[in-house]
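These notes concern the structure reproduced below.
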Amino acid sequence: MRYKFHFCYDIITKERVIELKPIKQCQSDMLRVAVYATRAEMGAAAAAAAAERIRSHLRTHSEINIIFAAAPSQNEMLDTLVREPDIDWTRVNAFHMDEYIGLPADAPQGFGNFLTAHIFSRVPFRQVFRLNGGAADIAAECARYSELLRQNPVDLVCLGIGENGHIAFNDPGVAQFDDPVLVKTAALDEVCRMQQVHDDCFGALSEVPTHALTLTIPALTRAAHLVCTVPAAAKRDAVTKTVWGPITEQVPATAMRRHADAVLFCDAASGADL
């Protein structure tokens with residue numbers, strides 16, 4: 001069977017850089033997958049796909065709502081996305097998908113601070129809606145952010161996958177495909193917390209917060225488009241289970257296989273088994 005990725009690859013071939021060609025392509029259920037030789041090529045391809053979805057949406061709508069993941073896995077994609085041509089960022093509203101509870105407001109590990117450095121401060125968004133992990137009333141913060149999501153239905157999510165298969169902070173044991181809420185408090189499992197150490201965000205497991213605010217799986221998957229960027233050997237097992245394993249809340253990222261427009265971008269290390 002031949003899988004077609006017209007949306008990303010035709011754009012790259014005809015309008016951008018011919019050398020960005022996947023070394024492997026596959027499809028599992030509705031999830032399309034492209035593997036690139038390097039992180040840089042993976043990030044550029046994912047950014048091109050996200051950019052074309054933004055441009056296409058803005059041709060027929062006055063604005064677009066986007067959720068961004070905050071993680072080192074997104075570095076290459078975000079760095080390329082902010083340099084994509086012909087995006088009217090003044091018509092883009094930005095959300096972020098999770099935030100630690102209890103970190104100081106200026107902590108560099110804060111996901112809002114990460115996104116400010118990597119994208120929020122680099123292009124002129126119409127609005128940036130921030131999750132406040134330092135709110136005095138966390139339940140009220142969940143309700144506030146949920147209402148913002150209801151008022152601004154999300155069109156595009158730029159996400160990653162955790163070492164334990166999570167999307168946002170929907171870890172195994174926390175993830176619900178039919179979650180009744182849009183934003184909730186999540187207890188972080190040890191694999192998730194150790195990933196933050198592996199990513200050099202924290203020096204030791206004891207420094208990593210135990211709880212976070214997270215957008216739920218329904219809050220993410222009800223967007224029209226999902227562009228998922230997942231590099232590195234540490235994510236190889238999670239990627240393999242996401243693509244070829246059973247669809248299960250024990251591997252939360254498998255929810256993408258039921259989505260009408262989800263594309264997973266990997267590098268050679270994360271996609272080694274595909």
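Could you go through the stretch 124-137 and let me know if any residue there is of a type in the set (Val, Ile, Thr), crowded, with 18+ Cβ neighbours inside 10 Å and touching a strand residue (DSSP E or B) at 6+ places or on another chain (Cβ under 7 Å).
The answer is no; no qualifying residue exists.
Could you please tell me which pairs satisfy a Cβ distance under 7 Å, a separation of 6+ or placement on different chains, a first residue in the stretch 25-37 that is under 18 Å from Leu159 (Cα atoms), and a second residue that is surrounded by fewer than 17 Cβ atoms within 10 Å (Cβ to Cβ) and among the basic types (Lys, Arg)?
From the stretch 25-37, the pairs are Met30/Arg258; Val35/Lys24.
Quick check, is Gln109 under 30 Å from Val243 (Cβ atoms), open to solvent by 10 Å² or more (accessible area, probe 1.4 Å) and either within 18 Å of the chain's Cα centre (by Cα) or among the polar types (S, T, N, Q) (or both)?
So Gln109 fits the description; yes.
Working carefully through the options Ala46, Ala94, Ala50, Ala34, find the one that is under 15 Å from the mean Cα position of the chain (by Cα) and not in a helix (DSSP H, G or I).
None of the other options fit; the residue is Ala94.
In the list Arg130, Arg193, Arg144, Arg150, which residue meets the criterion of being charged (D, E, K, R) and in contact with a His (Cβ under 8 Å, 6 or more places away or on another chain)?
Arg130
When you scan the stretch 60-71, do you find a residue that is modelled with pLDDT under 95 and either open to solvent by less than 10 Å² (accessible area, probe 1.4 Å) or of a type in the set (Val, Ile, Thr) (or both), even just one?
So far as the stretch 60-71 goes, no, none of its residues is modelled with pLDDT under 95 and either open to solvent by less than 10 Å² (accessible area, probe 1.4 Å) or of a type in the set (Val, Ile, Thr) (or both).
Give me a count of the residues in the stretch 140-161 that are assigned to a loop (DSSP other than H, G, I, E, B) and either open to solvent by 40 Å² or more (accessible area, probe 1.4 Å) or modelled with pLDDT under 95 (or both).
Residues in the stretch 140-161 being assigned to a loop (DSSP other than H, G, I, E, B) and either open to solvent by 40 Å² or more (accessible area, probe 1.4 Å) or modelled with pLDDT under 95 (or both): 1 in total.
Can you run down the residue pairs with Cβ atoms below 6 Å, 6 or more apart or on separate chains, where the first is in the stretch 57-85 and closer than 27 Å to Leu213 by Cβ and the partner is open to solvent by 50 Å² or more (accessible area, probe 1.4 Å) and in a helix (DSSP H, G or I)?
Glu63/Arg91; Glu76/Arg39; Glu76/Ala40; Leu78/His118
The values are calculated or read from the model by the stated rules, or taken from the named source; none is laboratory data. Everything numeric here is computed off the predicted structure, so don't read it as measured data. We place every Cβ from the backbone using ideal geometry, glycine too, and count neighbours over all the protein chains shown. Accessible surface areas use protein heavy atoms only, side chains included; no ligands, DNA or RNA. Shrake-Rupley method; radii C 1.70, N 1.55, O 1.52, S 1.80 Å.
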